[in-house]
Amino acid sequence: MHPTFSVIFLTTLIGVGQGLFLAIFTEQSYSTVNLLPAQESSFYVTGSLLALAFMVGGLFAAVFHLGKPSYFITRAWRGVTQWRTSWLSRELIALPLVMGLMFLYMVFHYFGWDADIFGSAETKGQLTLVIGGLGSAAVFILFVATGMIYASLKFLQEWNCSLTVFNYILFGGASGFTLAAAYSAFAAPELVAFYASWAMIITLAALVSRAMSLFRNARIKYKSTLQTAIGVRHTQIQQKAMGMMGGSYNTREYFHGKTAIFLKSIKWIFLVLVFPLPLLLLWLGMDGNPQALVLAFAIQYLGLLFERWFFFAQANHPQNLYYQTV
Amino acid sequence: MSQLALVIDLNVCVGCHACVTSCKQWNTSGDAGPMFDDNPYDKDPTGTFFNRVQTYEIGQFPRTETLHFPKSCLHCEDAPCVPVCPTGASFKREDDGIVLVDYDKCIGCKYCSWACPYGAREFDKHQKVMKKCTLCVDRIYDESLPESMRKPACVLACPTSARLFGDVHDPDSEVSVTIREQGGYQLMPEWGTKPSNHYLPRRKTKMHIHEDELVRADNPLKKEDIRHEISDDVTLDDWMM
């Protein structure tokens, strides 16, 4: 497939936003059971504002994936109507839901609207806990919807695997917790070790999951062949004409147009940028070194852009069988 | 419930592209407006087409065969492009099984084209919507046309009658009979999309020629005999030589 930058930025940016929100809410839920020190409301406000900013950035990138940006106003509302069958439609519902709950979480913390809705005096702030919990559930729904957009296309065999969904969740979680570690270095230094260690754990889990999908994809046996594509059983078939002279949508959309060496180098670039370098920097920043943690996030995010590019480019669409000489 | 479809006879397709040009002509002049065509007479011509003819060479020289292979939307019975559409712009008609795009609802996200294993959909980069073969839905129901003309443009244009059009759910229709009798098959059956369009395979044609067919017995000049031994009988031919 031809990697589209709007989708690369959309999926990586909302991944960071979702992961960061999970990290912020994890702190609040841990602090209610006294596993972590409770923070000032400004910690949650700024944290969820930062997460929301990444979501808005992703939404902005998504607008450029539409045929015309104006469709965002005139037609995109129809995108919520097909939720029964389309994972893209489900994503279009989950995305504003997540953003709305993040916004509510931020606003309720900002104004300190913490009603004790369950009537218990032991823990304060149940309302924000409930909103945060609903937000976290919505975050997971959004992760699954985004991953399933790709995993549900059964003949794109590189994507048609549950590992695709796990990768989206783990990469979002890893980059979000890395950003949370960097954020806490400025806002709440006592949380750095907590966030950095979780960021390392999720990054390692993402490494395992992505390595498994790379391993799987390297051994794919394609179901379709040129023989099944045109219905001729002969083993020697050569395409002599593609039916056009200068290329078409089919030759532009489904081919990345890069060499195998280029593809392979992108793979190694993302493997280095997403995993070992951030892990090293997180470890260095564990004692509260903000520079190392900011750098860890920046490098990991850059690596995720390469990872997402590779994810798209590696997928081999069966329609390419009809374009043997591109 | 009927399912309209095309049956394409690969045995007689000569790859003339008449179906491609007539399709472009008919559909670019229709209600939906023109299908873009950049640099048509220049370097790198490109545009939206609903139908393409590709050419393959099968076998190893000198035993090769040329296969001309027209491909358009196959109007799958279980069309994978329809459920993935987030806006409902892509749909399959209940009554005749034609898969269409509502250009006024399409947001151009291209997801349906990713979901089609055949590459049958093309994005119109000027109108910014997804387009595909409509089976000339505006023409096959047009009662102002004489009944013999209510067929897709490609079918009418084909000089060798390689394209048949009809209801593949009606067991007595011309297309169903042809599919049954000539071994009509579907493309990429492994994905379970159940394409409605069928292809008829190339057939091996054998011909036995007997020696007496090579010699024209009633040829007064007996040209074929010249290089053989000359007959003792004096004939008119001998005299002429």
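With all protein chains in place and ligands, DNA and RNA left out, the 1.4 Å accessible area ranks B:TYR111, B:TYR141 as B:TYR141, B:TYR111, largest first.
Probe of 1.4 angstrom, ligands and nucleic acids ignored: what's the accessible area per residue over chain A, in square angstrom? Display every interim value, and only then the final one.
Details: 14260 Å² over 326 residues.
Heavy-atom accessible area per residue stands at 44 Å².
Looking at region B:4-200, the accessible area is 40 square angstrom per residue; that uses a 1.4 Å probe and ignores ligands, DNA and RNA. When B:VAL53, A:VAL232 are compared by accessible area at a 1.4 angstrom probe, the order from most to least is A:VAL232, B:VAL53. Of the cross-linked pairs A:LYS221/B:LYS194; A:LYS267/B:LYS110; A:LYS154/B:LYS204, those separated by over 32 Å at the C-alpha level are A:LYS154/B:LYS204. Legend: mean number of C-beta atoms from other chains within 10 angstrom of residue C-beta atoms, peptide A:87-96, equals 3. Rg and Dmax, both from the Cα atoms of the protein assembly as shown and both in Å, are 31.6, 133. For region B:131-199, the alpha-carbon coordinates run over 40, 31, 24 Å along the three principal axes, in decreasing order.
Computed over region A:218-280, the percent of Cα pairs more than 18 Å apart is 66.
Among A:GLN227, A:GLN236, A:GLN82, the residue with the largest mean-square fluctuation in a Gaussian network model of chain A, with springs joining Cα atoms closer than 10 Å, is A:GLN236.
The charge dipole of region A:1-136, taken about its Cα centre with unit charges on the Cβ of Lys, Arg, Asp and Glu (plus for the first two, minus for the last two), comes to roughly 780 debye.
Normalised by residue count, region A:169-302 yields a Cα convex hull volume of 150 Å³ per residue.
Comparing A:THR26, A:THR85, A:THR164 in a Gaussian network model of chain A, where Cα atoms under 10 Å apart are tied by springs, the biggest mean-square fluctuation is seen for A:THR85. Shown are B:MET35, A:MET99, whose ranking by accessible area with a 1.4 Å probe and every protein chain present, most to least, is A:MET99, B:MET35. This model, with +1 at the C-beta of Lys and Arg and -1 at the C-beta of Asp and Glu, gives the protein assembly as shown a dipole about its Cα centre of some 1380 debye.
Sites listed here are GluC sites (Glu not before Pro) in region A:1-110 whose DSSP assignment is loop and whose Cβ has at most 15 other Cβ atoms within 10 Å: A:GLU40.
To the nearest ten degrees, helix B:18-28 and the longest principal axis of the Cα atoms of chain B are 20 degrees apart. In this simple spin-label model, placing a label point 7 Å from the Cα along the Cα-to-Cβ direction at both B:SER144 and A:ILE261 gives a separation of 6.2 nm. Residue by residue along A:189-201, Cβ atoms of other protein chains within 10 Å of the local Cβ number 0 on average.
Taking label points 7 Å from Cα along the Cα-to-Cβ direction, A:ASN160 and A:LEU280 give a separation of 4.0 nm. Overall dimensions of chain A, expressed as equivalent-ellipsoid semi-axes from the Cα gyration tensor (√(5λ), whole Å, largest first), are 41, 23, 16.
Sorting the segments B:83-90, B:119-126 by their mean number of nearby beta carbons within 10 angstrom, highest to lowest, gives B:83-90, B:119-126.
Of the heavy-atom accessible surface of the protein assembly as shown (probe 1.4 angstrom), what whole percent is carbon and sulfur?
Result for the protein assembly as shown: 62 percent of the exposed heavy-atom area is carbon or sulfur.
Take the convex hull of the alpha carbons in region B:4-200; its mean projected area over all directions comes to 12.8 nm². Helix A:260-274 axis versus longest C-alpha principal axis of chain A: approximately 10°, rounded to the nearest ten.
Computed over region B:37-131, the P(r) curve from all C-alpha pair distances, binned at 10 Å from the origin, holds 14, 37, 27, 16, 5, 0 percent per bin. In this assembly, the A-B interface accounts for approximately 4700 Å² of buried accessible surface in total, computed with a 1.4 Å probe and without ligands, DNA or RNA.
For B:SER90, the amide hydrogen comes within under 5 Å of the amide hydrogens of B:ASP102, counting only partners 5 or more places away or on other chains and with H modelled in the peptide plane. For peptide A:71-83, the mean count of partner chain Cβ atoms within 10 Å of a residue's Cβ comes to 5. Relative to one another, the C-alpha centroids of region A:124-177 and region A:181-254 are positioned 17 Å apart. When you count the other C-beta atoms within 10 angstrom of each residue and take the mean per peptide, B:95-107, A:136-148 line up highest first as A:136-148, B:95-107.
The values are calculated or read from the model by the stated rules, or taken from the named source; none is laboratory data. Note that this is a predicted model, so its numbers are computed, not measured. So basically every Cβ, Gly included, is an ideal-geometry build from the backbone, and we count neighbours across all protein chains shown. These accessible areas exclude ligands, DNA and RNA; they are computed on the full protein's heavy atoms, side chains included. Shrake-Rupley method; radii C 1.70, N 1.55, O 1.52, S 1.80 Å.
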